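Worksheet for the structure shown next.
Values in this text are rule-based calculations from the coordinates and carry no lab data. The model shown is predicted, which means the values in this text are computed figures rather than measured ones. FYI the Cβ positions are ideal-geometry reconstructions off the backbone, even for glycines, and counts take in every protein chain you see.
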Protein chains: 2
Amino acid sequence: MDSLKQKIKEKGEQVRALKAQKADQNLVDSEIAALQELKKQLASVTGEDNSNKSKSKFTLKVPKGTRDYNEKEMAIREKVFSTIISVFKRHGAVTIDTPVFELKEILAGKYGEDSKLIYDLEDQGGEKCSLRYDLTVPFARFLAMNASQYQNIKRYQIAKVYRRDQPAMTKGRMREFYQCDFDIAGSYDPMVPDSEVIKIMCECLTELDIGNFTIKLNHRKILDGIFEVCGVPEANIRPISSAVDKLDKSPWEDVRNEMINDKGLDPIIADRIGEYVKLKGSKELLERLFQDQELCANANAKAGLNDMVLLFKYLEIFEVMDKISFDLSLARGLDYYTGIIYEAITELSGPPTLEDGTKIVRKFKKDTDEFDETTVGVGSIAAGGRYDNLVGMFASSKKGNIPCVGISIGVERVFSILLQKYYKLEQVKANEVEVYVMAVADGLLEDRMKICAELWNAGIKAEFMYKAKPKLQPQFSVCDRYQIPFAVIIGKDELNIGQVRIKDMRSKEQGEGGGSSVKRSDMITELKRRLEKI
Amino acid sequence: MDSLKQKIKEKGEQVRALKAQKADQNLVDSEIAALQELKKQLASVTGEDNSNKSKSKFTLKVPKGTRDYNEKEMAIREKVFSTIISVFKRHGAVTIDTPVFELKEILAGKYGEDSKLIYDLEDQGGEKCSLRYDLTVPFARFLAMNASQYQNIKRYQIAKVYRRDQPAMTKGRMREFYQCDFDIAGSYDPMVPDSEVIKIMCECLTELDIGNFTIKLNHRKILDGIFEVCGVPEANIRPISSAVDKLDKSPWEDVRNEMINDKGLDPIIADRIGEYVKLKGSKELLERLFQDQELCANANAKAGLNDMVLLFKYLEIFEVMDKISFDLSLARGLDYYTGIIYEAITELSGPPTLEDGTKIVRKFKKDTDEFDETTVGVGSIAAGGRYDNLVGMFASSKKGNIPCVGISIGVERVFSILLQKYYKLEQVKANEVEVYVMAVADGLLEDRMKICAELWNAGIKAEFMYKAKPKLQPQFSVCDRYQIPFAVIIGKDELNIGQVRIKDMRSKEQGEGGGSSVKRSDMITELKRRLEKI
């Protein structure tokens, strides 16, 4: 943050100096824009929101927990999307789209305790609708509605979902956010699609280049088996599972209290659970659990453990076992999982750590209900699991059920990690213009328009200045600001003898001169030749 | 429609024959899927919705006016988007993103009579929000919020918008639909960006290949001038303009009645308006209006006419004048336009025509409030105009205003035209898999997985069957169904001597044999070589 403040100071001095020198207005404007970009970054780091300070008649802001993306942020986001989509397509996925809102009853009863976070549309006559909370339930609804055509499908969907949750914007925890989902639907031999989904998760996170990651892995049946073996009454299993799910954010003591005080669990049972859920490891943990005779006598646990043997074998073939942490504390909040569950975390997922290694406890900002974002981590960046009965909840017959397994990548969180780790927003190039058409004198607006039209018709990305008589320097400044590689420069005399000049704007030679004259009729060919070499 | 019924009959017979022959189940399944696709198409043509007929505990449907897109529809949609985006980028546009809902007060007072169509979110505590009605108002809000950084920008945005309107689904008139917006914001010399926006509109519609189109063009100032000259009281100008806007759907008599009976206009004034709004043409109409001394004495009209002179000159340079119809009946419903307005139509835009040339009048389905879709046209497929004061409505000072001009392309309508004109959905290839990895016997699941992982790691799109011991024929069927060009075929003996077989699945040779043996270590190189040639 201090280096950002330093940069702002330097940039401010630069702008003042340019103004004092009466430098070209376009240059000054561009430097001011850079300064404001830096200030905005600082505001987003310090959590200050300047957008509300203007004295307009409107509250000039976006709804809480939502945000705009400017063109540079979009350039990064599109890169993230295209990386993910290329992985999905490499594994044979197709894409579908569903509406942003669903009938309210479609979403009801799918999300357990989190259902309170669903956004409803106002009843303006007609059907009662809610904004989608994830892409999984709409996908299940789609499959059930089209079961005659889709007994199996590998599909991805990238779209926004909505949760009335407490936002932590700089950490990518928002009320409106993109999910990138990939799911394999269909009845197959056990753990084969499951292992491919985890392989896909690894490919995505590796290619997104967000640094080291770990995939926490567990199995709902093992977890349910543990709860049963420990003596949790059946009706209390999902609520207790929800409590365990909080172990990544809260210490065991808090979770234990919730189990006992809020959910009425016997403390002895809670402590037995505590012994299990602290276990994590790899294949050796699996072997250890197989030696737990009480656990292995439980049908659920046994089935889960057998699945894990198969899964680990396949993950070894796919060479991703080094990413896996078999973690009995992983429970996942959603009700609909029935088999393996997983969650990818990075070093930035947890709450920040002090220098002595103690974890910072999540805090609220003074006198508000909003998190102090410096105390919050990014959270898991991808998660998912097997859900074998969700489609069946929508189907009219048992035959209509289709087992599924999938992942969801939280691109907003990936985005926030990339911004923290790699990108300097001000250096991101958003504009793809290849050629700027400019005049040395006399304006020549109509000639510039005509040449631009020729370039467009030839598929070349081109712009000109929307001014009848622009000066030369502002035209050059545009090329600099947007890093446009080539200029076509026209003058009256040259046009009269059927010539234009092409100038490589990346070369250091500045000013009016330079560039090479070409015949107007050769202009397109020459530009294409040069553009190919970039 | 009859040819579709015929196809369904034939396909049905084919399926029955295959079943009778006890053909391979995958082949039967694939034929059944094709049959159901045809039936679905018929249902969408006849307006029947089968999705509601299942006897599930849920109403298994999407909300009224919304729809799912399956993978083949998505393949077409993505092609449409990429065509449009490439045009936008060719003209130097960048993209931004805004939330799907805005604060309710941001949208208030921007849409005139259409404001009643805005979707509100339920008040669940916190801010009052509405789903965006278009992308223009959020863009203006974005500019006003970030005015210090954006005194000018060429931006595009492709996103869904929401209107509680009467849907006509097969015509692409929906409650949730995509808009593709392109706008140029900034203070420039008159009509230069305006002409580029119209050029862009022409490039998009030409490259989308939707057949002939016409751009109806008018100017709000000319229209306001006409209303003033005819004697419309100032307070009544926008309501009367709204009435004129209905002339593309309703005959003059109906519009006249609305003006007189609903909006209290003097019949003499209405008739004077009627004389003007029936005029359409090209440059010669402009010349004719310049000879109308009363009109030219009106400041608004004069300013508009002068703009048109300049615009027509630039449109001639851009060689798009042949697409333009200067049409005084074009008014556009939205309140915020201040300069030129335009709307692109195709032969499918208007209501259907009977054989004798009479237009079918828009009707409701019996006993419902829904349109009979056979009586409804697609409507305009792109539209826009200049809006110089909208950003200012959000800005705190006059300096905060930024003039804008833009277009919005209704891709849903483009999509419906493409489906009617060109595409047979069943032939669209959605899946991009390049190589299918299969075993001739013994299953060899783990070997197939290992080879697939090698292919994925080399960036090759590959799949295998999720079955421990699949038969050969179903594996071949998958290649056929998804038109997968190559298979890697493995057998125990070949693997033992370090070989695999590569088979070109597009060649006619069928069955187990065929293909060429390559060393396992050369497999990737050989596949890449062959894939390059496709």
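Using the 10 angstrom Cβ neighbour count as an exposure proxy, how do A:204, A:404 rank, fewest first?
With the sparsest Cβ surroundings first, the list reads A:204, A:404.
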Unit charges on C-beta of K, R, D, E only; dipole of the stretch A:435-532, Debye: 180
A from B by rotation - nearest chain B beta carbon to the axis, in Å: B:122, 2
Peptide B:114-127 - average C-beta neighbours from other chains (10 Å radius): 4
Loop-resident sites, the stretch B:68-170, for trypsin sites (Lys or Arg not before Pro), counting at most 15 other Cβ within 10 Å (DSSP): B:128
Mean-position separation - Cα centroids, the stretch B:146-179 and the stretch B:276-299, in angstrom: 33
Net +/- balance of residues flanking residue A:492 in space, Cβ distance below 11 Å, scoring K and R +1, D and E -1: -4
Inter-part distance where the stretch B:84-122 and the stretch A:388-443 are each reduced to a Cα centre, Å: 20
Number of partner chain Cβ atoms within 10 Å, mean per residue of A:85-94: 6
Amide H contacts under 5 Å for residue B:382, placed H, 5+ residues apart: B:344, B:410
Pairwise FRET efficiency - residue B:285 versus residue A:83, Cβ, R0 = 51 Å, nearest 0.05: 0.45
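Let me know the Kirkwood hydrodynamic radius for the protein assembly as shown, please, with Cα pairs as the basis and the value in Å to one decimal.
32.3
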Distance violations [Cα-Cα > 31 Å] among A:72/B:533; A:160/A:533; A:61/A:104; A:61/B:313; A:467/B:116; A:461/B:323: A:72/B:533; A:160/A:533; A:61/B:313; A:467/B:116
Compactness of chain A as Cα Rg over 2.2 N^0.38 Å, two decimals: 1.21
Inter-chain shielding of A:446-459 (mean C-beta neighbours from other protein chains, 10 Å cut-off): 3
FRET efficiency for residue B:252 and residue A:469, using Cβ-Cβ distance with R0 set to 51 Å, rounded to 0.05: 0.65
